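Below: the structure, in structure tokens.
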Amino acid sequence: MDQDQIIVLAVILGIAVSLYTAYLKAPVAFLLGVIVLSLAGILTPKEILIGFSNEQIAVILLLLIIGDIIQKTGILNSLFEGLFRKAKSYKGFLWRMMLYVSASSAFLNNTPLVAMVMPYANNWAEKHKISPSKLLIPLSYASILGGAATLIGTSTNLLMNGLVVEFNALIEAKELVINSTLITRPLEELGIFDFTVVGVPMIILGLIYFLTFGHELLPSNKSIANAVFDIRREYIVETLVASNSSLVGKTIEDSNLRNLDGLYIVEIIRENRNISSVGPKAILEAGDILLLAGDTEKIGALLDKNLGLSLPEKARQGGVGFEEMLEVVIPYNSIFSSKSVKGSNFRAKLDASIVAIHRNGEKISGKIGEIIMQPGDLLMLLCGPDFNKRIEGNSDLYVISQKTLLLKKVSKTKAFSLLGGLFIAVLLSSFKLVPLFQSLLFLLGLIVLTKTASLHEVKKSMRFNILVIAGMSLAIGRAMMKTGAADLLATQIVELLGNFGSLGILFGLYFITNVMAAYLTNVASLAIMLPIALGAAFGLELPFMPFVLVIAFASAANFITPIGYQTNLMVFGPGRYTFGDYMKVGFPISIVYMIVAVFILNFVYL
């Protein structure tokens with residue numbers, strides 16, 4: 001092992017540890033890793049920047065923009081409303097939801113799709129007295145299953161194709177050496193439907209799994225919603241004892257605050273001192289901050305009792321009442337993640353004040369302004385008049401309950417033309433008549449010219465964090481292949497599993513990648529494992545296609561943890577799930593996916 005290989009492997013280990021511990025966000029971790037490789041002389045500036053000119057990254061951005069515009073037209077909402085209205089039973093709603101979501105996610109971005117369908121699932125569950133937890137994990141899994149069924153269904157697959165292009169560049173430049181052999185055989189780029197041979201059977205098996213015994217494994221958590229826009233949860237809410245309050249000088253017991261309906265006092269904050277053990281004889285003072293946990297509707301009633309309790313000043317500035325509250329969830333890679341409420345400048349950015357935070361199964365202590373927000377947190381907001389305008393196209397949080405969701409008014413003709421245009425672009429690319437990038441760029445031009453969306457809306461739909469992650473991961477992959485680090489690891493895997501033949505190696509690669517994706521991210525697992533898989537394929541002189549696809553499926557088919565895939569994290573809080581729920585429900589389908597993927601790929605390609 002030479003010095004360059006050691007540096008590359010150390011960088012990969014550093015990225016893995018930082019992502020696992022959540023010490024760094026993915027864009028920062030990848031960027032720092034590439035900086036180290038650049039300073040070490042392993043990657044030149046040209047090799048780092050060339051990734052950003054990769055056509056697949058441009059396709060990812062175009063698909064995200066067009067997908068956002070399609071969802072803002074409201075056409076999908078209308079379709080889902082009509083489809084879900086016909087469901088009369090739990091299984092009837094379940095199969096409709098999973099089938100329609102998986103079909104849509106094969107061509108649209110998963111995260112906003114799940115955010116859009118979640119209120120429908122909550123509303124239907126409440127109306128039919130079924131726990132939302134019986135629907136939300138299947139919703140997330142359906143989006144994962146559908147996304148893995150096409151090249152454009154998930155950015156992971158497109159990024160993988162981008163890595164293939166990078167490796168071809170190394171082959172063309174005669175810089176790729178594996179087992180002391182110069183590789184001259186170019187890799188074939190992937191088609192849109194190369195994934196369907198495994199993806200479509202798994203969509204069907206996923207439906208069968210949940211309709212037979214999978215739904216029995218789902219927890220039946222207590223229903224906590226009365227309506228889509230008024231979801232009751234156990235939140236931590238901060239209230240202030242005013243100087244003229246009738247509670248000043250009274251004990252908790254005398255103030256009748258000990259036996260509140262649906263509420264209890266978690267702690268008192270007095271002059272920056274936390275009083276956690278709040279006994280019945282504790283005396284209230286002016287300026288005390290009471291942290292209350294419980295039903296937010298009850299908190300609203302408590303504030304109306306003229307006891308001299310109020311929200312902190314910043315929340316009161318929201319200018320609206322409790323009847324206009326709404327809930328949002330913080331997704332993975334949000335700019336608000338790992339920031340304090342006060343330090344995030346939340347109100348100035350979104351014209352909304354955070355008055356309550358819910359974190360599934362975890363006690364939250366301290367002033368709300370000092371609480372560090374995390375992915376999966378649910379926030380109760382008091383919103384100003386500009387909130388809807390500012391939240392439009394924002395991927396840093398998703399509204400999961402709201403009385404009225406403002407959608408862009410677009411004629412049905414334009415909306416259906418937009419869907420048809422995307423279908424035609426995919427069709428032309430699948431028959432290799434027009435490259436996908438060109439057809440999507442043309443479609444985006446028509447969208448702007450017909451005023452279906454403005455240039456400002458297009459700009460707001462761009463995801464620059466994805467651009468950074470994609471570009472930097474391509475550079476990491478290039479470094480692994482260029483230095484021979486990927487070849488080194490691939491040799492170890494082949495030596496360990498070679499006695500079991502191609503099946504054994506495919507199973508080993510799938511298992512390692514899937515575990516990495518579950519506890520790191522799918523992009524990290526892809527960037528690390530794809531060069532290793534290609535090294536194994538070249539070293540064994542086998543077709544590269546099954547090795548590429550097995551890494552793609554293992555990275556995308558992430559069911560066993562809430563942190564491995566952002567849609568899993570999105571439903572984590574609203575469903576009141578635990579980590580164990582994902583393992584219990586996701587482990588069987590993960591095993592089935594691995595077996596089906598490996599055997600089909602081995603049969604078709606080897």
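Bear in mind that the values in this text are calculations on the coordinates, not laboratory data. Everything numeric here is computed off the predicted structure, so don't read it as measured data. For neighbour counting, all protein chains shown are included, and Cβ atoms are generated from backbone atoms with ideal geometry for every residue, glycine included.
Couple of notes before you dig in:
- Options Val448, Ile289, Ile269, ranked by Cα towards positive dipole end of the chain, top entry (Cβ charges): Val448
- Region 73-112-region 481-510 distance, computed between alpha-carbon centres (Å): 40 Å
- Cross-link pairs beyond the 26 Å C-alpha cut-off, checked among Lys25/Lys342; Lys129/Lys349; Lys25/Lys459: Lys129/Lys349
- Per the Cα gyration tensor, the chain maps to an equivalent ellipsoid with semi-axes of 45, 27, 24 Å, ordered largest to smallest.
- Degrees, to the nearest 10: 436-449 long Cα axis against longest axis of the chain: 40 degrees
- Against the chain, whose longest principal axis is taken from its Cα atoms, helix 485-497 shows a tilt of about 90°.
- Principal axes of region 486-606: Cα extent on each, largest first, Å: 49, 25, 21
- Rounded to the nearest 20, the Cβ-based charge dipole of the chain about its Cα centre (Lys and Arg +1, Asp and Glu -1) stands at 1480 debye.
- Of Leu136, Leu79, the sequence from fewest to most neighbouring Cβ atoms within 10 angstrom is Leu79, Leu136.
- Angle between the chain longest axis and helix 90-105 axis [Cα atoms, degrees, rounded to 10]: 50 degrees
- Remark: region 1-156 projects, on average over all directions, an area of 11.9 nm² (convex hull of Cα atoms).
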